[in-house]
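So the structure is just underneath, and the comments pick up after that.
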Amino acid sequence: MKERYYLSSVGRLERDSHTLYFVRDDKRTPLPVKKIYDIFAGEGVSVTIGVFDLLAENNIALHIFSYNGAYRGTFLPPRPILSGKCHIEQARAYLDEGARRDLAGRFVKGALENMRLNLQRYCDENCGSTRKLSRKVAQVDEPTTIPELMQLEGSVRELYYRCIDHCLPDDFSFPHRTRQPPEDPANSAMSYLNALVYASVVTELYHTRLSQTISFLHEPHERRYSLSLDIAEIFKPLLADRLLLSLTRQGQLKPTNFKSEGRAVLLTDDGKRVLRHAFDKRLSETRKHPSIRRSISWRRWIRTECYQVSKHVLGLETYRPTTVR
């Protein structure tokens, strides 16, 4: 079974014939190419040119993260699956105002419903906003522009984060969302988990016929995979937020897993390891998928979500975003 490899130490990723090696302190650790699913590397990792050829030959994505755990970019090999028809239909759906608004609304509705289910699952005894959030979810179906839709999502997130604050331990007070830099442990952990979710979506989307750069909710921009941002909205509440709540409430993520640098609060190396281990464990967990009616891992679930979006733009079926209690 293929695995995700995390390279968080300062070192060098190099190629020798058909094998990858991670070199650290003159110690060469072989990375079996046929067993690599994708690679998450910290900014202290340098990469030799030959590595990219080997990654491309084996369809392996390489994701780069900064010192503080922020996503920085991805090397994607040439696409293993090409479909001119899918690209044309995806572009047509983007250019059609009604079709784009419909799909953008589905992403937002799925994300907001998963937030509501999180509050119902973790926080309802402390925060009575589940009903208010339900009314907000219903507003997604009202005729609005995409900027208005994103404004609605933003207002719901403010309400949602205030409720999350009630459900976290006192050491993880979460007064509001801060990102660059994160100003408290909860924001720091959430940003890192969100980055892991986004990079995971990039990997799965790469293995489908969809273009990473033609999106519907987020505006397509240069130098970013905006469709991955759209699809990640569905999975951030399910993967990132639920892990933050469970790890802090169970004491697996502690205040000692963070450090202060100026006004920024950053994860320590141990803190990143705690989150990476929990995230990988969650991705490997299985659950019955309502559409295909069999149990699949969360990693495969993300791929399946991408397939369902592609079927929607091709007119084969109507996309229904994942929502999970």
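Measuring nothing but how far apart in sequence close Cα pairs (under 8 Å, 6+ apart) lie, relative to its length, the chain scores a relative contact order of 16 percent. Straight-line reach from Lys132: taking Cα to Cα under 19 Å and skipping same-chain neighbours fewer than 8 places apart, the lysines in range are Lys109.
Cβ under 14 Å from Pro181's Cβ, Pro181 left aside: what net charge do those residues give with Lys, Arg +1 and Asp, Glu -1? Its environment carries a net charge of +1. The distance linking the stretch 286-325 with the stretch 219-276 is 23 Å (Cα centroid to Cα centroid, whole angstrom).
Over the Cα atoms of the stretch 84-313, the radius of gyration divided by the Kirkwood radius equals 0.97; this is the Rg/Rh ratio.
Each 10 Å bin from zero up to the one holding the largest Cα-Cα distance in the stretch 96-228 carries the following percent of pairs: 11, 34, 37, 16, 1.
Is any residue of the stretch 247-267 close enough, with backbone N under 16 Å, to a label point placed 7 angstrom from the Cα of Asp171 along the Cα-Cβ axis, and if so, which? Label zone hits: 247-260, 266-267.
The Cα center of the stretch 136-174 and the Cα center of the stretch 50-103 differ in position by 28 Å. Show which aspartates and glutamates lie in cross-link reach of Lys35 when reach means a straight Cα distance below 15 angstrom and same-chain residues fewer than eight apart are skipped. Within the straight-line cut-off, Lys35 pairs with Glu3, Glu57.
Which shape class applies to the stretch 196-270: rounded if a/c is under 1.5, otherwise prolate when a/b exceeds b/c and oblate if not, where a ≥ b ≥ c are the square roots of the Cα gyration tensor eigenvalues? Prolate shape, in that a/c is at least 1.5 and a/b is the bigger ratio. Running Debye on the stretch 3-75 with equal point scatterers at the Cα sites and no solvent, what base-10 log of I(q)/I(0) appears at q = 0.13 Å⁻¹? Here the Debye-derived log intensity ratios amount to -0.32. For Phe65, the amide hydrogen comes within under 5 Å of the amide hydrogens of Ala41, Gly42, Glu43, Arg72, counting only partners 5 or more places away or on other chains and with H modelled in the peptide plane. Between rounded, prolate and oblate, where does the stretch 1-42 land on the alpha carbon gyration tensor, with a ≥ b ≥ c its root eigenvalues, rounded for a/c under 1.5, else prolate if a/b exceeds b/c? Note, shape of the stretch 1-42 comes out oblate.
Taken together, the values in this text are just the output of simple stated rules run on the coordinates, not laboratory data. Bear in mind the structure is a predicted one, so any value in this text is a computation, not a measurement. Using ideal geometry, Cβ is built from the backbone for each residue, glycine included, and neighbour counts are taken over all protein chains shown.
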